[in-house]
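Rule-based calculations on the coordinates, nothing more; no lab input. No experiment lies behind these values; they were computed from the predicted model shown. Heads up, the Cβs are rebuilt from the backbone with ideal geometry, glycines too, and the neighbour counts pull from every protein chain shown.
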Amino acid sequence: MTAMKTIISVLTLLALSVLAGTAQAPPAPPPAPQAAPVPTVPAAPGGEANHSQDVLVRMLNEILWRQRISDIAEVDKVEFTGPPPRVIPNPTGQGAGNPVVLPAFTFIPKKLDRSQKHPLLVYVHGGVHSHVAPSMAHIMRELMDQGYVVIAPDYRGSTGYGRQFYEQIDYGGLENDDVLAARNWMLEQYPSLLDPKRVGIIGWSHGGMISLMNIFDHPEAYAVAYAGVPVSDLVARMGYKGDGYRRMYSVPYHLGKTAEQNVNEYRRRSPVWNAAKLRTPLLIHTNTNDEDVNVLEVESLIRALKAEGKQFEYKIYDKAPGGHIFNRIDTKLAQESRQEIYKFLAKYLKP
């Protein structure tokens, strides 16, 4: 309860400071310490109180996004639609089968020449049950500086939108379509600003998995992709994770069955088993001391791509400090790794 009161107090103060529009804007806070890696394990369903707290955290983070990046970017929160839910508890109920309404952040650099067309990047958050968090603001600023327009969707299952949205998770399934819908929406809304032939997709962890499945299933939609420490093999993942982890994915609103009960479905949703589909320029990064996505998953993906004769780039970092988030923090190595990413993207997107 104390934590809840603290969140409410901070959220209220920040909201009032933003809405008041005072002449003296509050000073920007010092850079927040790097958050611990967001696990790719879905949180336990919990009660309504947990979802209420998630809503407050998400609202606070929306304020922080604007505070941290609005000096160089136009920041907006938009809504569009994706496919209907995979699991519909009452198929004959009112509104059953309606498309899912999806939220997303859009970021447009203020310095862009609006008379020219520019590349679009689709940023896919990780964490499965997480959302587009301002802990990535430093990376978003780097992308804005390079002249990328970015859309960052909160696909189904993201936190901060209540229990119903949370339980629409379709791990490795319809989230991929949600992200593609974000890409398509952005191109439809900004036809004079964006070049549909210069669209890239980037993501880390679960976001890396979604990025991979997007280029495998829709190679015509993307000119380039980056997958950082990507979840790559759900069958192997269920093998090296514990029983609690496996149970989370087999609940009725999730995949509904364990890998033991339906191994083919876990294979179908795994990038490693879709490697033959690669047609898009791709860069992969992984780290041997990753405490979340074991390097063996990504090594299996790399071997599968090579076995299919695919052309791609990759780098396996050896015990890079930071583990799962090694190139998302503020170390010199992380910054150098991100420069590798940006150089690779720029070859195809030409910002």
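For S250, state whether it is surrounded by 15 or more Cβ atoms within 10 Å (Cβ to Cβ), on the phi < 0 side of the Ramachandran plot, of a type in the set (S, T, N, Q) and touching a Leu at 6+ places or on another chain (Cβ under 9 Å).
Details: surrounded by 15 or more Cβ atoms within 10 Å (Cβ to Cβ): yes; on the phi < 0 side of the Ramachandran plot: yes; of a type in the set (S, T, N, Q): yes; touching a Leu at 6+ places or on another chain (Cβ under 9 Å): no.
Taking the combined requirement at face value, the residue does not satisfy it.
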*Output for the range 139-178, where each listed residue is surrounded by 22 or more Cβ atoms within 10 Å (Cβ to Cβ), acidic (D, E) and over 23 Å from I329 (Cα atoms)*: D170, E175, D178
*When you look at A182, is it closer than 24 Å to E62 by Cβ and surrounded by 23 or more Cβ atoms within 10 Å (Cβ to Cβ), yes or no?*
yes
*Within the range 336-351, which residues are outside any loop (DSSP other than H, G, I, E, B), surrounded by 14 or more Cβ atoms within 10 Å (Cβ to Cβ) and not charged (D, E, K, R)?*
S337, I341, Y342, F344, L345, A346, Y348, L349
*Taking the residues in the range 284-315 that are outside any helix (DSSP H, G or I) and aliphatic (A, V, I, L, M) as candidates, determine which candidate is surrounded by the most Cβ atoms within 10 Å (Cβ to Cβ).*
V293
*asked:* Can you find, within the range 253-266, the residue that is surrounded by the fewest Cβ atoms within 10 Å (Cβ to Cβ) among those that are touching a helix residue (DSSP H, G or I) at 6+ places or on another chain (Cβ under 7 Å) and assigned to a helix (DSSP H, G or I)?
replied: V263
*Can you name every residue in the range 185-238 that is farther than 24 Å from N289 by Cα, in a helix (DSSP H, G or I) and of a type outside the set (D, E, K, R)?*
W185, M186, L187, Q189, M213, N214, I215, F216, P219, A221
*Output the number of residues of the range 316-328 satisfying the condition of being in contact with a His (Cβ under 9 Å, 6 or more places away or on another chain) and surrounded by 16 or more Cβ atoms within 10 Å (Cβ to Cβ).*
4
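Residues of the range 210-243 being among the β-branched types (V, I, T) and either crowded, with 24+ Cβ neighbours inside 10 Å or free of Cβ contacts under 8 Å to residues at least 40 places away in the same chain (or both), which ones? I'd like the intermediate steps shown before the answer.
Narrowing the range 210-243 to residues among the β-branched types (V, I, T): 210, 215, 224, 229, 231, 235.
Selection gives I210, I215, V229, V231, V235.
Okay, residues lined up against (1) among the hydrophobic types (A, V, I, L, M, F, W, C); (2) farther than 30 Å from M238 by Cβ:
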residue: E299; (1), (2): no, no
residue: I325; (1), (2): yes, no
residue: Q335; (1), (2): no, yes
residue: F344; (1), (2): yes, yes
